[in-house]
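Below is one structure, written out as structure tokens, with a few remarks after it.
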Amino acid sequence: MAARDGVARAAGWPRRSTSGSSYALPSVGATNNYSVERTVRLYPLTNYTFGTKEALYEKDSSVFTRFQRMRAEYEKFGMRKTVEGVLIVHEHGLPHILLLQLGTTFFKLPGGELTPGEDENEGLKRAMTEILGRPESNQEMEWVIEDSLGSWWRPNFEAPQYPYIPAHISKPKEQKKLFLMQLGEKANFAVPRNYKLVAAPLFELFDNSPGYGPIIASLPQLLSRFSFLYM
């Protein structure tokens with residue numbers, strides 16, 4: 001036995017599991033060529049125009065009716081799946097996230113619920129067009145999904161959501177997936193008149209759950225593996 005810092009270790013520790021079978025720790029060497037960091041192009045906020053269109057109201061008139069509907073749909077279709085898009089622009093070389101603001105204190109990412117059996121990529125593009133597409137345009141908006149940023153889970157028919165499934169939950173009630181969207185050099189959006197579209201800098205979102213909620217406040221960490229190329 002070799003002892004170090006008061007902890008006894010067998011020679012070559014660890015080399016055996018509790019069942020007695022041998023194992024080796026995976027080696028990390030030059031043969032592992034990981035490409036963790038990716039580059040996303042950011043264009044100035046001034047490249048984009050924002051018109052208005054008819055108001056777009058939530059399906060539910062209150063939090064109570066929302067969870068009532070979720071419970072009823074869960075009995076028919078199972079877990080609800082929601083997708084949301086993260087749109088990034090820059091102002092003076094600082095990344096900003098485009099958020100929908102309702103009232104004075106509520107912010108959300110554009111997106112929506114998938115219909116039962118709907119493909120998540122196609123469903124996200126549909127939801128983004130419904131929210132920010134121009135109704136008078138005959139051309140369908142082109143949405144480029146760059147990458148998946150992560151999932152949040154709702155374990156019960158209640159408000160709390162978590163970036164993991166709690167250990168005692170076998171059947172979560174909702175999965176919300178976040179996707180990074182690559183904006184083109186220019187675009188013409190139409191915002192429902194009951195919303196405002198605001199550009200929030202990453203430094204304002206960071207660790208600011210009281211102001212934006214835990215999901216939006218987590219975006220600076222989720223985006224930290226990307227490099228931004230300011231165009």
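Averaged over residues, the count of other Cβ atoms within 10 Å places the peptides 84-91, 109-116 in the sequence 84-91, 109-116, highest first. Rounded to the nearest whole Hz, the Karplus-based 3J(HN,Hα) values (6.51 cos²θ - 1.76 cosθ + 1.60, θ = phi - 60°) of segment 208-223 follow the sequence 10, 4, x, x, 10, x, x, 6, 5, 5, 7, 4, x, 5, 5, 8, with x at glycine and proline. Remark: segment 165-176, residue by residue, has Karplus-estimated 3J(HN,Hα) of 8, x, 4, 8, 9, 9, 9, x, 8, 7, 10, 10 Hz, where x stands for each Gly or Pro and the curve is 6.51 cos²θ - 1.76 cosθ + 1.60 at θ = phi - 60°.
Near Ala187, the amide H atoms lying under 5 Å from its own belong to Thr49; only residues 5 or more places off or on other chains count, and H is placed 1.01 Å from N.
Near Glu146, the amide H atoms lying under 5 Å from its own belong to Leu180, Met181, Gln182; only residues 5 or more places off or on other chains count, and H is placed 1.01 Å from N. Look at the dipole of segment 88-174 built from charges on Cβ: of Gly93, Leu124, Phe157, the Cα furthest out on the positive end belongs to Phe157.
Given R₀ = 35 Å, what would the calculated FRET efficiency be for Thr65 paired with Asn208, taking r from the Cβ atoms and rounding to 0.05? Write out the running numbers ahead of the final one.
Values: r = 29 Å, r/R0 = 0.82.
Taking R0 as 35 Å, the efficiency between Thr65 and Asn208 is 0.75.
Converting phi to 3J(HN,Hα) with the Karplus coefficients 6.51, -1.76 and 1.60 and the offset θ = phi - 60°, segment 119-127 yields 5, 5, 5, 5, x, 5, 4, 4, 5 Hz in sequence order, with x at every glycine or proline.
Ordering Gln221, Gly184, Phe203 by Cα displacement along the dipole of segment 174-224 toward the positive end leaves Gly184 in first place; charges were set at the Cβ atoms of Lys, Arg (+1) and Asp, Glu (-1). Summarise the accessible area of segment 159-231 (1.4 Å probe, protein heavy atoms) by the percent that is carbon and sulfur. Roughly 57 percent, rounded to a whole number.
Can you tell me the accessible area per residue over segment 52-189, all protein chains present, probe 1.4 angstrom, in square angstrom?
Counting only protein heavy atoms, the per-residue value for segment 52-189 is 56 Å².
Inter-label distance, Val144 to Thr49: 2.1 nm, where each label sits 7 Å from its Cα along the C-beta direction.
Remark on Thr52: its backbone amide H falls under 5 Å from those of Val191, a criterion applied only to residues 5 or more positions apart or on other chains, H modelled at 1.01 Å from N.
By its C-alpha gyration tensor, with a ≥ b ≥ c as the square roots of the eigenvalues, how is segment 77-231 shaped: rounded for a/c under 1.5, else prolate for a/b larger than b/c, else oblate?
The shape class here is oblate.
The values are calculated or read from the model by the stated rules, or taken from the named source; none is laboratory data. On a predicted model such as this, the values are computed, not experimentally measured, just so you know. Note that each Cβ is placed from the backbone with ideal geometry, even for glycine, and that neighbours are counted across all protein chains shown. Heads up: the accessible areas ignore ligands, DNA and RNA and are worked out on the full protein's heavy atoms, side chains in. Shrake-Rupley method; radii C 1.70, N 1.55, O 1.52, S 1.80 Å.
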